[in-house]
Amino acid sequence: MIIEGILNIVTSLLYFVLNLLPDIPDLPEALTSPITTVLDLIFNNVGLLDLFLPLNIVKLIIPLWLIVDNFDKIYSIVFWIIKKIPILGIEK
Amino acid sequence: MKKIFYVFFGFLFFFMFSVNSKAETVQFKEFTFLGETFPSGQNTIRIGLGAMQSKSSSFSFLVSDLTETKPFVNFYMATNNAMVPQTFENALAVFTFKKIPNSTYNDNGYFLDVYVVQAHLLGSWNCSVQGRNCTYGSILTMKNFFNYGTSSIIFSPVLTDEMLDVNDVNLNVDVTGMITQQQQTNQKLDVINDQNTEAENTRKGIWNTLKDVLTGVIELPGKLISLLIDALKSLFIPSSDFFEDFINAFKDNFLDKLGFLSYPFELIADIFDRYMNIATNSVIEIPQIKEPFTGGVLIEATSVNLKEIFEYGAIGTIYGIYRSCVSVLIIVMFLNFAIKKYDEFVKNKGGDN
């Protein structure tokens, strides 16, 4: 209830500020369609890689690789949050 | 042989005696008692007499078919006189009364004693033809010697050839309202049983209520703790639908408002979605290729399933080994990378400390 309340207050304030601003137009389709075409080309044919690389393993490894590669940053963020909780008494 | 003869005739005499001993009854076509006639389809009449009063009227009946002499008229009489029923006087019939034990007649809530009455007919029948449409009639006088009014109900009269034995009286006479004392007792017992059941239910209800109260008291601490935990949970843990609604609202209000500025976020979400839904595909579609000048087809449109080729025969065995090796290689490379990152992380943290 508390967390929900805080998030609702924050988002309400954010929406209030955003509503004061004018609506920003979307990116023109002429710019988005090439990107979409490239993505379609890649992801519609990336399945062929499964012939040479087992994609089910690759799909698991890539997120893990990203987490491990950025572990120091994730660690810093988590500890930055934990240090903000006074009841835990973590200073370093 | 002699024994068989005796047994055969013994059975024959027994059978004949049984048949002859069975009472034969004749239903009246019309029955009049003290001027009251049984209507067709109804077998009860009511005779009322005031205190110390008497009533004289017809006592007659009509029988369609009377082939044999049947000197007795039997009927039932329910009366509120518990001592002796009203006295009948008739020069052509002798009336006898027998109280039916354990039997009463429910006359609109008043339980009357039931008597079986037998009229021994002394006069002669008057038949239009021999044995047909025979009538028997006289004047009957009924006296009430009591100092209160009496009410008598006459029902189920039959003409019979046999003296009536009260012990053989069929008490299951099909007359509405006639019930035996056993039935009365059963009704009373039913009422008592209902009362007992109600009392038992009340006792059980009280006991169950007390038990529920005690159980509630015993379970109160546990319930309080559960309620406290649930309250804390509800305070700090958002409901399962909250984040879904929150993200949808955020997307609608924030990303849509930002327009092209939100496109990078949408692109990342799109790529992530596509990545999560990558489907393995081993079929290559080859389009039709035509010669541009004459329009002749150089290569027909076709599709090639590479996986079927790779998994065919001896190549398939090699292909399976290759895939296993590649899988292991990828995992080993990832583990090696993780170890290196761990060493690097520990070294940096050590340096920081």
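The values are calculated or read from the model by the stated rules, or taken from the named source; none is laboratory data. These numbers come from a predicted model, not from an experiment. Cβ atoms come from the backbone with ideal geometry, glycine included; neighbour counts cover every protein chain shown.
Residue-by-condition table, conditions (1) more than 7 Å from chain B (Cβ to nearest Cβ); (2) touching a Lys or Arg at 6+ places or on another chain (Cβ under 7 Å):
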position: A:LEU18; (1), (2): no, yes
position: A:PRO25; (1), (2): no, no
position: A:PRO28; (1), (2): yes, no
position: A:PRO34; (1), (2): yes, no
position: A:ILE42; (1), (2): yes, no
position: A:ASP50; (1), (2): no, no
position: A:PRO54; (1), (2): no, yes
position: A:ILE57; (1), (2): no, no
position: A:ILE62; (1), (2): yes, no
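Just wondering, is there one or more residues in the range A:72-90 that are facing chain B (nearest Cβ under 7 Å) and within 24 Å of B:ILE330 (Cα to Cα)?
yes
Restricting to the range B:217-249, count the residues that are surrounded by 10 or more Cβ atoms within 10 Å (Cβ to Cβ) and within 30 Å of B:GLU266 (Cβ to Cβ).
Counting residues in the range B:217-249 that are surrounded by 10 or more Cβ atoms within 10 Å (Cβ to Cβ) and within 30 Å of B:GLU266 (Cβ to Cβ) gives 11.
Find the helices (runs of 4 or more DSSP H) located wholly in the range A:3-92 whose residues include 1 or more that are under 30 Å from B:SER234 (Cα atoms), and list them.
Counting at least 1 such residues, we get A:71-83.
Residues that are more than 7 Å from chain A (Cβ to nearest Cβ), modelled with pLDDT under 90 and surrounded by 10 or more Cβ atoms within 10 Å (Cβ to Cβ): find the strands (runs of 3 or more DSSP E) completely inside the range B:250-352 holding 3 or more of those.
Filter on the range B:250-352 gives B:283-286, B:302-305.
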